[in-house]
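S.K.: Take this structure, written in structure tokens, and hold onto it; I'll ask about it next.
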Amino acid sequence: MVKGDVQVHGDMRVLYVASVLFMVALFLPFCAATFRRAHDAGRSGWWVWIPLYEYVLLFKDSDPSSNQYGDPIPEVGLGLEG
């Protein structure tokens, strides 16, 4: 064994492969939800590739009127109002 090599045991390799598959499986839905949020704010989906822009979207209100991406989704209450 060459100095500096790390020997990976079988159990750790399975855990590593499972975690990579889990991250890949969640990447596409995460991107879709983030692009949809950008469209709700009236921005193109390409804006999400700017680092930390997701945090700007977190605090930005949605566009209350129709925009080029479609009509706004009507608000649905919980039925707890008076």
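Values in this text are rule-based calculations from the coordinates and carry no lab data. In this text the structure is predicted, and so the values were computed from the model without any measurement. Methodologically, a virtual Cβ is constructed for each residue, glycine included, from the backbone with ideal geometry; neighbour enumeration extends over all protein chains shown.
S.K.: Whose amide H sits under 5 Å from the amide H of Gly42, counting only residues 5 or more places off or on another chain, with H placed in the peptide plane?
M.R.: Placed amide hydrogens put Asp63 under 5 Å from Gly42.
S.K.: Count the net charge of all other residues whose Cβ sits under 13 Å from the Cβ of Gly42, scoring Lys and Arg as +1 and Asp and Glu as -1.
M.R.: 0
S.K.: Count charges around Gly70 for me, please; just the other residues with Cβ under 15 Å from its Cβ, Lys/Arg as +1, Asp/Glu as -1.
M.R.: On the way: positive: Arg36, Arg37, Arg43; negative: Asp40, Asp63, Asp71.
Net charge around Gly70: 0.
S.K.: Still on this structure, please answer the following. Can you compute 3J(HN,Hα) from phi for each residue in segment 29-39, using the Karplus curve 6.51 cos²θ - 1.76 cosθ + 1.60 with θ = phi - 60°, rounded to whole Hz and x for Gly and Pro?
M.R.: x, 4, 5, 4, 5, 5, 5, 4, 5, 5, 5
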